[in-house]
Amino acid sequence: MIKVNNDTGKEFPFKVIAAYVENQPYVYGDLTSKGNGSFTVTLSDVSVSSALENGTAMVLIR
C-alpha cells in the first residue's frame, strides 16, 4: 500500500492503472485528489509482479 499526500493546496488530476484507490478497483480511471488531501493506493498483483521483476510498475500518471 502507498499513501499519497496532495500538499499542493489545489486539486490534482491523475490517472490510475491497475490498482485500488481507497479500496475501489480501477483497471483505468481518471481521478482527482482534493487539495491538501490524501489517498491510499494498493497495487494489483500484476503491478506487484512488475515492480518485483522489473523494478518498476506504472500505477499513477499525471
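Side notes on the structure shown:
- Region 22-62: chymotrypsin sites (Phe, Trp or Tyr not before Pro) falling in loop per DSSP and having at most 15 other Cβ within 10 Å: none
- Within region 6-62, the GluC sites (Glu not before Pro) that combine a DSSP coil assignment with at most 13 other C-beta atoms in a 10 angstrom radius are Glu11, Glu22.
- Region 1-52, relative contact order in percent, only Cα pairs under 8 angstrom and at least six apart counted: 43
- Extent along principal axes [Cα atoms of the chain; Å; largest to smallest]: 36, 19, 18
- Against the chain, whose longest principal axis is taken from its Cα atoms, helix 45-54 shows a tilt of about 70°.
- With every protein chain in place, the chain: carbon and sulfur % of accessible area (1.4 Å): 52
The values are calculated or read from the model by the stated rules, or taken from the named source; none is laboratory data. Worth saying up front: this structure is predicted, and the values here are computed from it rather than measured. Every residue, glycine among them, receives a Cβ derived from its backbone with ideal geometry; neighbour counts consider all protein chains shown. Side chains included, ligands, DNA and RNA excluded: accessible areas come from the protein's heavy atoms. Shrake-Rupley method; radii C 1.70, N 1.55, O 1.52, S 1.80 Å.
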